[in-house]
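Just below is one structure, and these are the notes that go with it.
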Amino acid sequence: MSKKTAKNFFIYGSIFFFLVLVVLTIDTMIRVPKRAPVITAEVDAGKKVWHKYDCIGCHTIMGNGSYFAPDMTNVAGRKPKDFLKKFILDPRAINPKAAMPKLGLNEKEADNLMAFLEWTSKVDTNKWPPKPVLAAARKEASTGQAIYQNQNCAACHIVGGIGGTAGPDLTRIGPKWKSEELTRYLKNPASVKTASAMPGFAHLSEQELKDLSDYLLTLQ
Amino acid sequence: MGYESHKIANNFFTSAILLFLIQIVVGIIAALQFVWPDFFILNFNTIRTLHINALVVWLLLGFMGASYYVIVEESETELWSIPLARFQFWATILTVGLVVIGYIIMGFYPQANITVFGTLLLNEGREYIEAPRWADILIVVSVLLFLLNTTMTAWKTRKFTDVQGVLIAGNLFLALMYLPGVFYTKNMIMDQFWWWWVIHLWVEGAWELIAAAFLAFSLHKLLGADRTMLAKWMYIEVGLVMFTGILGLGHHYYWIGTPAYWLWIGGIFSALEPVPLVLMVWDSFRTTKYATKPVENRVGLFYTISHVVFNFVGAGLWGVFHTLPQINKYTHGTQITTAHGHIAFYGVYALLVLAMIYIALPTLRGVKQFNQSRGYVAFWWMTISMIFITFSLTGAGLVQSYLERVMGLDYVTVKSAYNHYFWIFRAVFGVGFLVGVLIFVKDFFVAGKEPLAKAS
């Protein structure tokens with residue numbers, strides 16, 4: 001190959017591939033709006049809050065960002081909304097061990113950010129992040145444990161090393177509670193601890209609440 | 001020294017390596033914040049913004065310095081306008097200074113990042129391109145002035161060499177690819193889509209063109225290799241870089257909400273991205289073997305070859321490991337990416353700029369020989385430390401991918417409990433890297449100005 005051939009190979013090849021990229025970009029721009037819910041004024045305002053506080057300076061979203069804090073793509077699907085809002089407003093009041101500082105968002109900014117995160121959780125990301133293998137293989141030993149699983153308590157709590165860190169570790173929770181008090185707490189946390197950020201589980205029946213608290217009391 | 005214009009290159013190099021030093025110091029603070037989040041008066045996001053912005057800016061300053069040097073050497077004439085180049089230098093430094101002050105203010109008072117004329121005043125909250133709109137405009141003006149000056153210098157002599165052509169094309173492509181990141185997009189999917197145009201088409205497109213032009217220039221200057229031969233291989237290399245790299249962009253479009261056909265396009269083209277990098281390794285080793293003159297600037301050649309090798313290791317190997325969607329599904333957004341980012345930026349671009357500094361050094365200092373031993377010491381401190389930083393982060397990434405994505409453990413649990421020692425290793429080797437940088441900085445300021453060591 002002569003130098004001239006190599007030069008033409010570079011110039012015309014690059015132009016060709018760049019044109020292919022432009023065509024694919026146009027196609028992507030047409031298809032993308034159908035892969036996510038409609039962007040409302042709140043979602044757009046929430047996205048601006050996301051940028052204003054440089055959230056990506058610690059978090060990732062759709063897997064891109066700073067790898068210092070959890071991914072936010074589907075956080076709204078994993079954690080209760082009330083909890084998230086309270087946490088964003090003052091993280092260490094909710095979880096004293098949180099690494100996140102208080103950034104000074106106001107109520108409206110927090111609501112808009114919630115709308116934005118709810119929007120991102122509904123984006124079609126080609127099934128990312130993958131569902132953990134362990135979650136599919138898990139079997140419940142008791143009715144209470146089954147409720148613990150299907151109410152997704154592990155989103156915020158750890159039992160035996162597995163689960164989230166937004167709420168307290170429940171591995172040895174049993175001896176710290178009385179049955180009746182725990183049932184009442186699960187139904188409406190604020191009635192027992194006013195500062196609690198945990199959402200209530202009043203939609204469960206009395207029997208289900210009892211089963212759940214029985215299971216929790218066995219943890220020690 | 002020969003040309004008055006080389007003072008401009010020297011200014012750019014000086015500012016680049018001072019920012020390099022700052023980048024590493026804030027990097028160590030960031031590494032410690034993984035263990036103690038409240039370690040420093042500024043939060044992690046500010047420190048991390050400074051770390052990655054210092055990186056991008058010092059590399060760009062290094063490219064500009066090296067481009068001014070190469071264009072002048074290739075054209076064998078002074079720059080088209082030295083006062084314009086001087087103005088462009090100081091205007092760039094002033095802009096960078098203002099942006100940094102803005103980041104720090106925002107670090108202390110997040111509320112200060114207010115919206116003015118529809119854009120955020122201090123920080124746009126988009127990784128790597130955090131610089132606000134007013135700074136974007138100034139940066140574009142600076143790059144345009146730089147392009148004008150270098151192109152007019154090449155034009156002046158009507159000598160158009162192949163190196164000049166690819167170098168100017170690379171710089172022009174770099175300037176154009178900054179633009180897709182300047183505008184606000186309502187849709188987060190498209191926001192990230194255009195963001196990747198900037199980031200990917202810079203590091204795996206425009207910057208690789210600049211690197212290939214510098215490589216051809218250096219091999220000719222150091223080894224007296226045949227220009228036509230070098231130019232031919234340069235065109236083949238940059239051709240393959242563009243053929244694989246442009247659509248290789250697809251490996252960033254797997255999981256951000258873009259259509260599923262990107263899984264195919266990204267997977268196939270990005271798997272081929274290491275090919276030109278292997279070719280560069282082969283090309284530079286072969287050229288070195290058949291050198292037609294004795295090598296005087298051995299440390300310059302050493303850094304050049306190391307850059308080529310770590311271009312392949314960092315960008316090629318550490319990239320291709322996790323580029324297929326079947327693997328990337330588990331590793332995306334984990335410390336595997338951080339590991340790749342560190343070794344790739346060091347190997348491809350940090351070593352490239354350092355190599356260009358060593359190649360230009362004798363000319364800039366007006367000497368034929370200089371004491372080269374410190375350059376090697378600095379290299380080994382930096383490189384061994386970076387290899388261990390990469391291993392620490394790769395370990396952390398494998399643990400994280402397995403526990404978080406396969407087992408379903410929580411992010412925070414994995415980070416604070418299982419990866420604790422990886423963070424500590426990374427910080428320790430960060431200090432080792434800093435030692436290497438300090439030796440390099442000292443070398444830059446004293447090499448060529450001290451009496452030559454007798455036995456060297």
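The values are calculated or read from the model by the stated rules, or taken from the named source; none is laboratory data. If you're wondering where the values come from, they're calculated on a predicted model, not measured in any experiment. Cβ atoms come from the backbone with ideal geometry, glycine included; neighbour counts cover every protein chain shown.
Among the residues of the range A:114-127, the ones that are in contact with a Lys or Arg (Cβ under 6 Å, 6 or more places away or on another chain) and more than 13 Å from residue A:45 (Cα to Cα) come to 1 in all. So, residue B:18, is that one within 23 Å of residue B:359 (Cβ to Cβ) and within 14 Å of chain A (Cβ to nearest Cβ) or not? It is false that residue B:18 is within 23 Å of residue B:359 (Cβ to Cβ) and within 14 Å of chain A (Cβ to nearest Cβ).
On the given criteria, is residue B:330 farther than 19 Å from residue B:386 by Cβ and in the same structural domain as residue B:206 (by TED's automatic domain parsing)? No: the conditions fail for residue B:330.
Restrict the check to the range B:151-160 and report whether at least one residue is assigned to a helix (DSSP H, G or I) and within 14 Å of another protein chain (Cβ to nearest Cβ). First the steps, then the outcome.
Restricting attention to the range B:151-160, the residues satisfying the condition of being assigned to a helix (DSSP H, G or I) are B:151-157.
If we keep only those that are within 14 Å of another protein chain (Cβ to nearest Cβ) as well, we get none.
No, the range B:151-160 contains no residue that is assigned to a helix (DSSP H, G or I) and within 14 Å of another protein chain (Cβ to nearest Cβ).
Per the conditions (1) in contact (Cβ under 8 Å) with a residue 60 or more places away in the chain; (2) within 14 Å of another protein chain (Cβ to nearest Cβ); (3) of a type outside the set (Val, Ile, Thr), the sole criterion not satisfied by residue B:443 is (2). Considering B:107, B:125, B:170, the condition of being more than 26 Å from residue A:103 (Cα to Cα), surrounded by 20 or more Cβ atoms within 10 Å (Cβ to Cβ) and either in contact (Cβ under 8 Å) with a residue 40 or more places away in the chain or within 11 Å of another protein chain (Cβ to nearest Cβ) (or both) is satisfied by B:170 alone.
Tallying residues that are more than 7 Å from chain B (Cβ to nearest Cβ) and either within 18 Å of the chain's Cα centre (by Cα) or in a loop (DSSP other than H, G, I, E, B) (or both) within the range A:23-54 yields 6. Would you confirm, using the coordinates I've provided, whether residue A:113 is modelled with pLDDT of 85 or more and assigned to a loop (DSSP other than H, G, I, E, B)? It is false that residue A:113 is modelled with pLDDT of 85 or more and assigned to a loop (DSSP other than H, G, I, E, B).
Restricting A:171, A:165 to those that are crowded, with 20+ Cβ neighbours inside 10 Å and in the same structural domain as residue A:150 (by TED's automatic domain parsing) reduces the list to A:165.
Reported count of residues in the range A:56-86, each being facing chain B (nearest Cβ under 7 Å) and either of a type in the set (Gly, Ala, Ser) or part of a helix (DSSP H, G or I) (or both), is 5. When B:231, B:212, B:225 are checked against the criterion of being away from every other protein chain (no Cβ under 11 Å) and touching a residue at least 40 places away in the same chain (Cβ under 8 Å), a single residue qualifies: B:225. Tell me, please, whether a residue that is in contact (Cβ under 8 Å) with a residue 24 or more places away in the chain, surrounded by fewer than 20 Cβ atoms within 10 Å (Cβ to Cβ), aliphatic (A, V, I, L, M) and under 17 Å from residue A:42 (Cα atoms) can be found in the range A:94-109. Within the range A:94-109, not a single residue is in contact (Cβ under 8 Å) with a residue 24 or more places away in the chain, surrounded by fewer than 20 Cβ atoms within 10 Å (Cβ to Cβ), aliphatic (A, V, I, L, M) and under 17 Å from residue A:42 (Cα atoms). Looking across the range A:72-110, the residues that are β-branched (Val, Ile, Thr) and modelled with pLDDT of 90 or more come down to A:73, A:75, A:88.
Scanning the range B:1-20 for residues that are surrounded by fewer than 17 Cβ atoms within 10 Å (Cβ to Cβ) and aliphatic (A, V, I, L, M) returns B:1, B:18. For residue B:327, the conditions (1) hydrophobic (A, V, I, L, M, F, W, C); (2) more than 9 Å from chain A (Cβ to nearest Cβ); (3) in contact with an Asp or Glu (Cβ under 8 Å, 6 or more places away or on another chain) are fulfilled apart from (3). All conditions but one from (1) surrounded by fewer than 22 Cβ atoms within 10 Å (Cβ to Cβ); (2) outside any loop (DSSP other than H, G, I, E, B) apply to residue B:85; the one that does not is (1). Filtering A:146, A:69, A:115 for residues that are out of contact with any Leu (no Cβ under 6 Å at 6 or more places or on another chain), more than 27 Å from residue B:338 (Cα to Cα) and crowded, with 19+ Cβ neighbours inside 10 Å leaves a single hit, A:115. So, residue B:268, is that one within 14 Å of another protein chain (Cβ to nearest Cβ), modelled with pLDDT of 95 or more and outside any helix (DSSP H, G or I) or not? Against the criterion (within 14 Å of another protein chain (Cβ to nearest Cβ), modelled with pLDDT of 95 or more and outside any helix (DSSP H, G or I)), residue B:268 does not qualify. Consider residue B:332 carefully, then state whether it is farther than 29 Å from residue A:97 by Cα, touching a residue at least 12 places away in the same chain (Cβ under 8 Å) and within 14 Å of chain A (Cβ to nearest Cβ). Here the answer is no, as residue B:332 does not meet what is asked.
Hand me the list of helices (runs of 4 or more DSSP H) wholly inside the range A:131-220 holding 1 or more residues that are more than 14 Å from every other protein chain (Cβ to nearest Cβ). So that I can check it myself, show each step before the final result.
On the way: elements: A:133-137, A:143-150, A:179-187, A:206-217.
Of the helices (runs of 4 or more DSSP H) lying wholly inside the range A:131-220, those with at least 1 residues that are more than 14 Å from every other protein chain (Cβ to nearest Cβ) span A:143-150, A:179-187, A:206-217.
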